[in-house]
Structure formats: structure tokens, C-alpha cells
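Novice: Quick one: structure below, then a few questions.
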Amino acid sequence: MEDLHVAVVGSGPAGIYAAAALTAHEDAAVDVIDRLPTPFGLVRYGVAPDHEKMKSVAVALRRVMEHERVRFLGNIELGADISVADLHRHYDAIVVANGAAVDRRLGIGGEDLPGSFSATEFVSWYSGHPDSALDKFTLTAGTVIVIGVGNVAIDVARVLLKTADELRTTDIPDHVLAVLSHSQVRDVMIVGRRGPAYARFTTKELRELGELANADVIVPPAELALDEASEAELVTNAVARRNLEVLRAWSERAPQGRPRRLHLRFGLRPAAICGDACVTGMQFAHGTGQSVHVPADMVLRSVGYRGVPIPGLPFDDERGVVPNAAGRVLRNGAVVPGEYGAGWIKRGPSGIIGTNKHDAAETVRCLLEDAPALPRRQVRDPDEIIDVLHQRGVRAVPWQGWEAIEALEIAAGKRRGAKQVKVADRELLLAAALSQPSTGR
């Protein structure tokens, strides 16, 4: 096979697993392009700060990025700094793996009131995402409602209910820790519109809520009652059965008088977010047909993600993905030579981090099958893409730039007694990163 130069757009797990599969072939070289100056995607900006074991997957991802035939080019946005047509001129194939960047909406009244946010916004803030304003959240709310019954809802609730001291040794940014230390949150309510059999928590994550030192867990026993459909769901769903066991045990437990409370509610369908100048509560339709009003000061919706259109590529607006067949991009139903997708932008927001490994491998198998017939890149010099970007006033952040950011964060961690503390300010990130050479693998 003639040497193959591939652009992978997105440096999260899907993109890096695609790079790993490509470098298993000695004739392939990969540029991993990301709009942020930092790699690792949702491993860095989606995994909760207190889930250090889950974050450890970055060790394996790092090994891929340090491969001699992989180059990191951060701080480059596809569709703004560089186009799909540009990529075709400089690469033999493109793998788009930039995830599902926006949240789904509830589609109810009051959703845009001050105090109503997506869980994505809150996760980005406490994860130190450079797109999130440092002062995005104040946590002056006494009661927070979290809509959705998945692991993101659990993460959000856990961060809200833990004390700043409990999170001090994690990589949570200093400005977030400062807000958490003055948090007025006392009650967090996780709400599902259906019964507990349909909750999408993993049992391990759910059990962690019962280990919170600072919060009682309260579950109304009546809302754990099962209808015929729920009973049928439990027959084939072992995770749902285990979750229900945990929830029933909590429903029988008396509150211990801890300073904060977590309420898990089921069978409440969101009808409206209430308030005039800001959020004052939510109106729900109960499964019994009754209307239920719950006072609250903040609402976080956690009802899923969707991809956003990429200039120059087709997009399925209904599913929120780039249309594809096993990773091969489709335009009007026909395969496009040299264009591929991987991860959530390919299949939608499903699965766990490890799911992306199989997903990326499928895409790369298709790419390598197609390789002999792909139209070859016009520009043979791999460094010319750097020159093109420089002419446009865009400085690509190299892997050495990321290492400089990491050194800055490790130094911040030493000052706080943590292994590492995230820097969230984009200008500080770029100042550290761009002091390094902008070429080389």
C-alpha cells in the first residue's frame, strides 16, 4: 500500500482509537486535529473530577498520541480555520470524530429562564472547559432539579452534593472549587419521566450516591411501584433489576439528618419550568394524572446529546449524526471516497468510552479496504498544512504544547495538594502551549 496520510478530526477516545487502528499499519501516518489546545475530549472534559479511575484511560490514549506516526494539531477548528476541501488537498482520507457537542432540549415552557441550564453546561464548567465562562455558575440556589436518569445526572448531583474539601485533591479548577466552597445548594432532585425500570444509570454509579458523606438519599417508596410494562422490562434487563434493588433499599432507609439531601423521583413528566424573571420551580405531570409543582431555584436538563452540522459534510438533522454506512460518509445515499466518521458523530451518543474502540476499528477497516482506490492528496509535504494555517493567522498547538499545559497544571496541583489542577482560561492555555515549537510529531 502506498503511504497513507489521514486527518482525524477530534482527539477524544473515538479519534484516538481511530489513530491507533491506523498506526497498526506501517504505511499510515495520522494528524489528529482538535479545535481545543488540549487532547482527550470527554475523558478530560466529561468525566467527573472525582472519577480518577475512569480518567486513567488517558494513559492508554497518551501512548497512541506519542506514536512516531501520530501528530497532534490542536487549536484548529474544522469549518472555521480549515475546510473539508483543505483537508482533502493535504490528506488521503478524513475521519471525523468530533462527538456530539450540544444537549437535547426538553421542549417545554420556561426552558430559557435564568437558572435553567443544560447539564452539559454545568459539566463543562466544573471540568474547566475553555468554552465555559469562569463565572457561569454561582450556586446560590437552595434546590436544584436535575431532569434525566443517566450517569451524567448522577455526576452532576454528586458534584453538587459533595463539599469543596472532598474535591480539593481532584483536578477540579480553582475557580470551581471556590464557588463550591460557598455553595448554598441543600436539596438536589433527580427526576425521571418514567418508572425506575427505565432509568439508564449503571449500578456502580448509582451506588456511589449512597456513599455520599454529606447527603441523605430519599426515595419515595410509592414511585418504585411497577406496572406490567416495567415488570416485563426487568425480565430482560439485569442492570435495571440491580438498580431497583438499590433504590428499594434506599426507600426503606430513614434520613440521618445530613446537611444536604438527594431526592430520586420517578414517573414525573416535565410540563413547564416556572418563573418570571428566573426559575422558581417546575410543573410535572404525574403518572396518576395529577399535576405536581416542585419549588426550585435551578434546573439542569440531562436528556441526551446530539451532534452539530459540520460545514462541508452532510448531516442527518433528525438523528444528529453524519450519515454513514459502517463509518463511510454518505451523500444522498452514496459513499463519498475518503470521508469517514467515528464515535458519537457516527452512531449517536451511546455506549461507554470503550465502545469507541470497536466503533473506530470498524471505520478504519473500511478506510483501509478503500485505500487502494482513494484519490491521493495533492500536497505531499505533511508540514505544508502548518504553513497554510500560519498564513491564516492560526497557530497549531503541537503535542509539546499540550505537555507545557500539563506541566502548568501539575505545578498548580502541587500548590493545592492535588496531582494536577485544570487550567480553564483559554488565553493561559494558549500562552503555555504556543511557547513551544509548532511542528514535529
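Every number in this text was worked out from the coordinates using simple rules, so none of it is lab data. Just so you know, these numbers come straight off a predicted model, no measurement behind them. Please note: Cβ atoms are built from the backbone with ideal geometry, for glycine as well, and neighbour counts cover all protein chains shown.
Novice: Using amide H atoms built in the peptide plane, which far-off residues or other-chain residues are under 5 Å from VAL149 H to H?
Specialist: Amide H neighbours of VAL149: ARG200.
Novice: Something else: With θ taken as phi - 60° and the coefficients 6.51, -1.76 and 1.60, list the Karplus ³J(HN,Hα) couplings across the stretch 366-376 in order, rounded to whole Hz; mark glycine and proline as x.
Specialist: 5, 4, 5, 4, 7, 3, x, 9, 6, x, 7
Novice: A further question on this structure: If you average the sequence gap of Cα pairs under 8 Å that are 6 or more apart and divide by the length of the chain, what percent do you get for the contact order? Present the calculation step by step, with values, prior to reporting the outcome.
Specialist: Working: 937 pairs, mean separation 98.9, N = 441.
Averaging sequence separation for qualifying contacts and normalising by length gives 22 percent for the chain.
Novice: If you average the C-alpha positions of the stretch 272-319 and of the stretch 19-43 separately, how far apart do those two centres end up, in angstrom?
Specialist: Spelled out, the Cα-based centre of one part sits 35 Å from the other.
Novice: Starting from 0.36 nm per residue, how many nanometres of slack lie between LEU134 and ASP317 once their C-alpha separation is accounted for?
Specialist: On the way: separation 183, 0.36 × 183 = 65.88 nm, distance 3.12 nm.
Working it through step by step, the gained length comes to 62.8 nm.
Novice: Across the stretch 76-88, in residue order, what do the Karplus-derived ³J(HN,Hα) couplings come to in whole Hz, using 6.51 cos²θ - 1.76 cosθ + 1.60 with θ = phi - 60° and x for Gly and Pro?
Specialist: Coupling constants for the stretch 76-88: 10, 9, 5, x, 10, 7, 8, 10, 4, 4, 4, 4, 5 Hz.
Novice: Cα atoms only, the stretch 36-113: Rg and Dmax in Å?
Specialist: Using the Cα atoms of the stretch 36-113, the pair Rg, Dmax is 17.0, 53 Å.
Novice: Can you give me the long-range amide H partners of ALA272? Hydrogens built in the peptide plane at 1.01 Å from N, cutoff under 5 Å, separation of 5 or more residues or another chain.
Specialist: GLN283
Novice: Now a separate question. Could you work out the relative contact order of the stretch 104-304, using alpha carbon pairs under 8 angstrom and six or more residues apart, expressed as a whole percent?
Specialist: 33
Novice: While we're on this one: What relative contact order, as a whole-number percentage, does the stretch 285-434 give when Cα pairs under 8 Å and 6 or more residues apart are counted? All intermediate terms of the calculation are to be shown ahead of the outcome.
Specialist: Numbers: 136 pairs, mean separation 19.3, N = 150.
Normalised by residue count, the contact order of the stretch 285-434 is 13 percent.
Novice: Follow-up. Quote the FRET efficiency, to the nearest 0.05, computed for HIS51 versus SER181 with a Förster distance R0 of 22 Å and r equal to the Cβ-Cβ distance.
Specialist: Working: r = 21 Å, r/R0 = 0.94.
Computed FRET efficiency for HIS51 and SER181: 0.60.
Novice: When you count, for each residue, the other Cβ atoms within 10 Å and take the mean per peptide, how do 131-138, 179-186 rank with the highest first?
Specialist: Values: 131-138: 14.6, 179-186: 16.4.
Ranking the peptides 131-138, 179-186 by packing returns 179-186, 131-138.
Novice: Which one of VAL84, VAL423, VAL364 has the biggest mean-square fluctuation once the chain is modelled by GNM with Cα springs under 10 Å?
Specialist: With Cα springs under 10 Å in the chain, the top fluctuation among VAL84, VAL423, VAL364 is at VAL84.
Novice: What full-extension length gain, to one decimal in nm, is calculated for ILE108 and ARG392 as 0.36 nm per residue of separation minus the Cα-Cα distance?
Specialist: That works out to 98.0 nm of additional length.
Novice: How much mean residue ellipticity at 222 nm does the chain get from its helices, if each DSSP H run of length 4 or more adds -39500 (n - 2.57) and you divide by all residues, to the nearest 500 deg cm²/dmol?
Specialist: On the way: 17 runs with 151 residues, N = 441.
Here the helix-only value at 222 nm equals -9500 deg cm²/dmol.
Novice: In degrees, nearest 10, range 0 to 90: what is the angle between the Cα axis of helix 399-416 and the longest Cα principal axis of the chain?
Specialist: Orientation of helix 399-416: about 30 degrees from the principal axis.
Novice: Whole-Hz Karplus ³J(HN,Hα) for the stretch 149-166, in order, using 6.51 cos²θ - 1.76 cosθ + 1.60 and θ = phi - 60°, x for Gly and Pro?
Specialist: 10, x, 5, 5, 4, 5, 4, 4, 5, 5, 5, 5, 8, 6, 7, 4, 5, 5
Novice: Reachable aspartates and glutamates from LYS346, Cα under 16 Å, same-chain residues fewer than 8 places away excluded?
Specialist: ASP316, ASP317, GLU318, ASP359, GLU362
Novice: Looking at the stretch 104-304, send over the antiparallel percent of its DSSP beta bridges, to the nearest 5.
Specialist: Numbers: 11 of 34 bridges.
Bridges in the stretch 104-304 are about 30 percent antiparallel.
Novice: Going 7 Å from the Cα of CYS278 along its beta-carbon direction, which residues of the stretch 101-134 have the amide nitrogen within less than 12 Å of the resulting point?
Specialist: Output list for this probe position: 114-116.
Novice: Only counting other Cβ atoms within 10 Å, I'd like GLU208, GLU228 sorted with the fewest neighbours first. Don't skip to the answer; put the middle values down first.
Specialist: On the way: GLU208 17, GLU228 7.
So the ranking, lowest neighbour count to highest, is GLU228, GLU208.
Novice: Near the amide H of PHE266, under 5 Å away, which other amide H atoms are found, from residues 5 or more places off or on another chain, if H is placed in the peptide plane?
Specialist: Here GLY192 satisfy the definition.
Novice: On to the next question. Can you return the aspartates and glutamates within cross-link range of LYS414? Criterion is Cα-Cα under 12 Å, with same-chain partners fewer than 8 residues away left out.
Specialist: Within the straight-line limit of under 12 Å, LYS414 reaches these aspartates and glutamates: ASP171.
Novice: Let me ask something else about it. Out of all DSSP beta bridges with both ends in the chain, state the antiparallel percent to the nearest 5. Display every interim value, and only then the final one.
Specialist: Details: 20 of 61 bridges.
Rounded to the nearest five, the antiparallel share is 35 percent.
Novice: Would you mind getting me the FRET efficiency between ASP381 and GLN256? Use the beta-carbon distance for r and R0 = 41 Å, nearest 0.05. Before the final figure, lay out the partial values.
Specialist: Details: r = 67 Å, r/R0 = 1.63.
Efficiency computed from Cβ-Cβ geometry: 0.05.
Novice: Among GLN290, HIS88, LEU78, whose Cα sits farthest toward the positive end of the charge dipole of the chain (+1 at Cβ of Lys/Arg, -1 at Cβ of Asp/Glu, about the Cα centre)?
Specialist: The residue sitting farthest along the positive end of the dipole is GLN290.
Novice: Taking 7 Å along the Cα-to-C-beta vector as the label spot, tell me the GLN400-LYS419 distance in nanometres, rounded to one decimal.
Specialist: 2.7
Novice: If neighbour count is taken as other Cβ atoms inside 10 Å, put ILE33, ILE386, ILE172, ILE16 in order from fewest to most.
Specialist: Values: ILE33 29, ILE386 21, ILE172 24, ILE16 33.
So the ranking, lowest neighbour count to highest, is ILE386, ILE172, ILE33, ILE16.
Novice: May I ask you to derive the FRET efficiency for ALA373 and THR169 from their Cβ-Cβ distance with R0 = 56 Å, giving the value to the nearest 0.05? If you can, show how the numbers build up before the last one.
Specialist: Working: r = 53 Å, r/R0 = 0.95.
The formula returns an efficiency of 0.55 here.
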